[in-house]
Amino acid sequence: MVHIVGAGCGAPDLITLRGMRQLEEADVIIYAGSLVNTELLKYAHEGCELHDSAKMTLEEIIDVISEAEKAGKTTVRLHTGDPSLYGAIGEQMSELDRLGIDYDITPGVSSFAGAAAALKAEYTVPDVSQTVIITRAAGRTPVPEKEDLRSLASHRATMVLFLSTGLLDKATAELTAGGYSPDTPAAIVYKASWEDEKVCRCTLATLRETAEKNGITKTALIVVGKFLEESNTRSLLYDPGFSTEFREASK
Ligand code: SAH
């Protein structure tokens with residue numbers, strides 16, 4: 001059996017209870033050493049085999065899993081944040097399907113949630129934005145044309161950019177051309193929930209200089225949108241005049 005597990009975005013106590021138990025029971029752990037907090041490996045039992053996938057190819061990862069399966073062992077494939085986002089699990093699952101190896105997925109706290117917590121912010125503010133666009137700037141890894149930043153910007157929704165710290169000039173240019181004003185609030189959240197977390201608030205126009213000034217080149221999320229502004233709007237959910245399934249509106 002293979003468990004694909006989300007490690008959470010940094011702080012070791014952000015892993016789920018289920019993920020922690022799966023680590024405790026694993027005979028083999030393949031962890032994404034570039035971003036997973038290695039403190040989590042303290043849950044591994046004695047004799048558990050550890051592999052850092054940052055130094056491995058897909059073929060090598062699948063070989064380790066196949067060998068473990070043949071020996072009747074349990075494998076945890078530990079991914080950073082939540083495995084469903086930029087985790088390249090699709091290609092692993094295809095291979096496991098092809099080999100008839102059973103697996104399941106345990107979700108994790110994605111860095112986009114960790115970044116909101118670090119910012120003490122709500123991405124979906126009433127009357128400001130009810131949509132979160134999670135995307136990345138196109139770099140060495142291309143992005144489908146229909147999803148370029150310029151066209152996504154036309155919504156002026158809350159935007160979270162993964163894997164884009166090295167592409168900030170381009171991201172600012174595209175987002176501005178697409179409709180956000182240059183003074184739209186923005187932030188760079190470096191290593192959300194880690195001990196050396198940094199939160200740098202700026203504007204869309206000053207993203208690159210802010211990254212430079214703070215020496216941030218990777219492991220950061222870029223967030224853009226008016227959700228970062230102080231807002232006095234309030235939800236209907238807790239409005240005394242609004243009835244819900246659980247509460248009658250007061251007259
Ligand atoms: N599956 C992960 C994302 C993996 S892609 C998740 O759900 O978070 C790796 C990228 O995620 C990094 O380049 C960075 O943009 C972002 N990232 C991962 N951990 C982060 C953290 N703790 N703080 C800020 N950004 C992070």
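Some notes on this structure:
- Residue within the range 153-175 that is of a type in the set (Ser, Thr, Tyr), surrounded by fewer than 17 Cβ atoms within 10 Å (Cβ to Cβ), within 21 Å of the chain's Cα centre (by Cα) and more than 16 Å from the ligand (Cβ to nearest atom) present: no
- Within the range 49-67, being within 11 Å of Tyr31 (Cβ to Cβ) and in a loop (DSSP other than H, G, I, E, B) holds for one residue alone: Met56.
- Residue count for the range 18-33, restricted to those that are outside any strand (DSSP E or B) and free of Cβ contacts under 8 Å to residues at least 60 places away in the same chain: 9.
- Filtered residues of the range 212-228 (kept if assigned to a loop (DSSP other than H, G, I, E, B) and either in contact with a helix residue (DSSP H, G or I) (Cβ under 9 Å, 6 or more places away or on another chain) or surrounded by 11 or more Cβ atoms within 10 Å (Cβ to Cβ) (or both)): Asn214, Ile216, Thr217, Lys218, Thr219, Gly225
- Among residues of the range 91-105 that are within 16 Å of Glu60 (Cα to Cα), those with a beta-carbon under 8 Å from a residue that is of a type in the set (A, V, I, L, M) and not in a helix (DSSP H, G or I) at least six positions away or on a different chain give the pairs Gln92/Ile4; Met93/Ile4; Leu96/Val2; Ile101/Val2.
- Residues (within 14 Å of the ligand (Cβ to nearest atom), crowded, with 23+ Cβ neighbours inside 10 Å and hydrophobic (A, V, I, L, M, F, W, C)) located in the range 5-39: Val5, Ala7, Cys9, Ile15, Val36
- Filter pass, Val36 being assigned to a helix (DSSP H, G or I) and without any contact (Cβ under 8 Å) to a residue 60 or more places away in the chain: no
Read the figures in this text as sums done on the coordinates, not as results from a lab. Only a predicted model underlies this, so the values are computations on that prediction, with no experimental measurement involved. Using ideal geometry, Cβ is built from the backbone for each residue, glycine included, and neighbour counts are taken over all protein chains shown.
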